[in-house]
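Heads up, the thing below is written out as structure tokens.
Any read-out appearing in this document is the output of simple, stated calculations on the displayed coordinates, not a laboratory observation. Here the structure is a predicted model, which is why all the values come from computation and not from measurement. All Cβ positions, even for glycine, are placed from backbone atoms using ideal geometry, and neighbour counts span all protein chains on display.
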Amino acid sequence: DKLPSTKQIAAEFGASELVVYRAITQLKESGHVVARQGAGAFVRVYNPLLWNPGEYERGERSDDPVTNTDDWKAQVRAQGRKPEQGTPQVSTEPAPKNIANWLNLEPGTPVVARRRLRLVDGEPCQLADSWFPVSIAEGTPLMEERDVTMKGGILAATGNPQHRIRDELDIRMPTSTEIERLDLQNLPGTPVCQHVRIGYGADGVPVRVMVTIAPGDRNRIIYELEINR
């Protein structure tokens with residue numbers, strides 16, 4: 001909802017405009033009110049995606065090449081919401097130190113990067129960037145700048161199935177690049193979750209690392225684990 005003007009609030013509550021201005025400024029700084037250039041100030045709306053990354057990679061995938069639906073899109077639609085994925089940006093580049101460590105490579109080793117922006121209901125929700133050893137991605141649809149869906153997942157469909165995954169989660173403030181890509185410029189102080197998923201082949205060698213950046217106000221992360229007795 002849009003807030004009334006400072007003058008209107010001051011008149012309604014019998015306060016000075018300076019007091020109202022300071023109160024709204026505090027609400028903006030605390031993240032409860034969002035300013036939109038040329039449009040005014042609005043109460044911040046929270047409607048997080050229920051994101052359960054533990055449901056992925058289990059073998060019971062929802063991939064449908066006909067409708068271009070993968071596990072993530074299926075999970076979003078199950079919540080009555082609209083998923084979108086921007087056209088991937090694909091490049092072969094030297095592996096930075098963190099990517100090289102996750103893929104068990106020497107820093108600077110060429111890797112294939114696929115960078116994507118995920119939207120829910122038209123709003124940027126996650127950055128989903130993946131890196132692959134060149135030997136895994138070369139000659140496969142992973143090199144194509146399009147939203148690829150293959151039954152069982154791209155890696156399994158191209159002969160490099162994942163046999164084990166490892167997740168690492170860090171909560172931190174976004175970088176300037178992440179702020180721009182996720183449209184967080186008007187939401188100062190919003191933390192993000194960095195979710196790193198490393199996939200290993202049958203020989204224990206990493207075949208993929210995916211780094212998802214999820215703004216804290218747009219995602220609620222859920223894990224459900226079975227207990228074996």
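What does the helix-only formula give at 222 nm for the chain: each DSSP H stretch with n ≥ 4 adding -39500 (n - 2.57), the total divided by the residues, and the result rounded to the nearest 500 deg cm²/dmol? Before the final figure, lay out each step's value.
Values: 7 runs with 49 residues, N = 229.
It lands at -5500 deg cm²/dmol.
Please report, in Å, the Rg and the Dmax of the stretch 11-95, where both are computed over Cα atoms only.
For the stretch 11-95, the Cα-based Rg and Dmax read 21.7, 63 Å.
What do you get for trypsin sites (Lys or Arg not before Pro) in the stretch 139-176 restricted to DSSP loop and a cutoff of at most 16 other Cβ within 10 Å of the site's Cβ? All intermediate terms of the calculation are to be shown ahead of the outcome.
Values: sites: 146, 151, 164, 166, 172; in loops: 146, 151.
Here the trypsin sites (Lys or Arg not before Pro) that fit, given the DSSP loop and packing criteria, are 146, 151.
Taking R0 as 45 Å, what FRET efficiency do you get between residue 163 and residue 27 from their Cβ-Cβ distance, rounded to the nearest 0.05?
0.35
Could I have the simple spin-label model distance between residue 46 and residue 138, label points 7 Å from Cα toward Cβ, reported in nm to one decimal?
Taking the two extended label points, one gets 4.9 nm.
By count of other Cβ within 10 Å, fewest leading, how are 181, 81 ordered?
81, 181
Restricting to Cα pairs below 8 Å that are 6+ residues apart, what does the relative contact order work out to for the chain? Please round to a whole percent.
Values: 415 pairs, mean separation 47.2, N = 229.
Rounded, it is 21 percent for the chain.
Express the relative contact order of the stretch 73-198 as a whole percentage, based on alpha carbon pairs under 8 Å and six or more residues apart in sequence.
On the way: 192 pairs, mean separation 25.3, N = 126.
With pairs under 8 Å counted, the relative contact order is 20 percent.
Calculate, in nm to one decimal, what residue 147 and residue 173 gain on full extension: separation in residues at 0.36 nm each, minus their alpha carbon distance. Can you show the working numbers first?
Numbers: separation 26, 0.36 × 26 = 9.36 nm, distance 2.85 nm.
Computed gain between residue 147 and residue 173 is 6.5 nm.
Using alpha carbons only, how many angstrom separate the centre of the stretch 161-223 from the centre of the stretch 26-105?
Their Cα centres are 9 Å away from one another.
No solvent, one uniform scatterer per C-alpha: report log10 I(q)/I(0) for the stretch 49-221 via the Debye equation at q = 0.11 1/Å, two decimals.
Listed by q, the Debye log ratios stand at -0.45.
Considering the convex hull of the alpha carbon atoms of the stretch 1-145, report its projected area averaged over all viewing directions, in nm², one decimal.
Numbers: hull surface 52.8 nm².
Result: 13.2 nm².
Pulled fully out, how much extra length does the chain show between residue 226 and residue 101, if you take 0.36 nm times their separation in residues and subtract their Cα-Cα distance?
42.0 nm
Of 125, 193, how do they rank once you tally other Cβ atoms within 10 Å and put the fewest first? Write out the running numbers ahead of the final one.
Values: 125 25, 193 17.
Lowest to highest Cβ neighbour count: 193, 125.
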